[in-house]
1. Give the Cα extents of the stretch 177-262 along the principal axes, in whole Å, largest first.
2. Mind ranking 174-181, 217-224 by how tightly packed they are, going by the mean number of other C-beta atoms within 10 angstrom, highest first?
3. Considering Cα pairs under 8 angstrom that are at least six residues apart, work out the relative contact order of the stretch 10-253 and quote it in whole percent.
4. Take the alpha carbon gyration tensor of the stretch 176-226, find the square roots of its eigenvalues, order them as a ≥ b ≥ c, and report rounded if a/c is under 1.5; if not, report prolate when a/b exceeds b/c, else oblate.
5. I'd like the distance separating the alpha-carbon centroids of the stretch 213-236 and the stretch 1-71, in whole Å.
6. Leaving out ligands, DNA and RNA, what percent of the accessible area of the stretch 10-253 is carbon and sulfur, probe 1.4 Å?
7. Let me spell out the model: positive unit charges on the Cβ of Lys and Arg, negative unit charges on the Cβ of Asp and Glu, origin at the Cα centre of the stretch 1-63. What dipole size does that give, in debye rounded to 20?
8. Taking only C-alpha pairs under 8 Å that are 6+ residues apart, what is the relative contact order of the stretch 53-134 in percent?
Amino acid sequence: MASLRLENRNALITGGASGIGRATALRFAEEGANVAVADRNLKAAEEVAAEVARLGRKALATAVDVSEEPQVDAMVARTVAELGGVDILVAAAGVSHARYGERNDHPMPLVEKPLGDWRKVLAINLDGVFLCDRAAAREMIKAGRGGRIINISSAAARIPLPGSGEYSVSKAGVWMLTRVLALELAQHRITVNTIGPGFIKTPMTAPVQRSEGFAKRLIERVPLGIMGEASDVANSALFLACDEGRYYTGSILHPDGGVVMQ
Ligand code: NAP
């Protein structure tokens, strides 16, 4: 039997309770990793952690708001205390717009955007990734074993989305954050990469999927003609986390059905 690709590694996954983060937590556990599942929804994170434990790995669920510095530092400290270290961080927590829970198929041009909406998305999608990367990198440097940091950005880092300006800006910011960190952390054998998914079936895109006209228009822009699955992104993360991905740093991978090349 082939050996597992993440045997004895400890992974911390934000946004791990849902969608891409959840799929990544389970994929990593299948490959032997112990997993800390961090999310603002603790109950759902606990359910994912229970699935990880059923796969025979150490699992931990932790509540965090990634935009809150003390909570992020506490999340990393708890992961180190309970799993024994952080070898891999996947920063997947994010929101598509500020008024989460409301319909998000009504784009709002930037000229109409309230500053509060702008700040809320940037605080989670960009400040949150910075805080998680920084806290995990500090532990990785202290442990001296190298590490892998994988930030989930979006195809929107390259493609301006009218009506979701703050989302595109936050994801472009994650892409540059990734490259600066990749240069700064290379000396510590910590690789830093980003994944820029296209249109993926998750709870985040559920309102868009339900809006038939909107979904049709989006899928028409995908050369492969279908939406992606959360597992497509999880497999990209697995590649960057395991030995096969060791020579990648500062890169962006696009599981996107071809959207970005157009
Ligand atoms: P999802 O199913 O909504 O999962 C995101 C998870 O992150 C949710 O559990 C969410 O909780 C949590 N979260 C949000 N804000 C948080 C915060 N401040 N602190 C801690 N947890 C927080 O969405 P997804 O589609 O898997 O998205 C995962 C990542 O992929 C996001 O960064 C997203 O921007 C990116 N992405 C998604 C797609 C796509 O098509 N789905 C495409 C490109 C990029 P709530 O449910 O309470 O918000």
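The values are calculated or read from the model by the stated rules, or taken from the named source; none is laboratory data. This one's a predicted model, so the numbers in the text were calculated from it and none came from an experiment. Note that each Cβ is placed from the backbone with ideal geometry, even for glycine, and that neighbours are counted across all protein chains shown. Surface accessibility is based on the protein's heavy atoms, side chains included, excluding ligands, DNA and RNA. Shrake-Rupley method; radii C 1.70, N 1.55, O 1.52, S 1.80 Å.
1. Result, largest extent first: 49, 23, 20 Å.
2. 174-181, 217-224
3. Dividing the mean separation by the residue count of the stretch 10-253 yields 20 percent.
4. prolate
5. 24
6. Details: 5990 of 11060 Å².
Here carbon and sulfur together make up 54 percent of the probe-accessible area.
7. 60
8. On the way: 54 pairs, mean separation 31.6, N = 82.
Across the stretch 53-134, relative contact order equals 39 percent.
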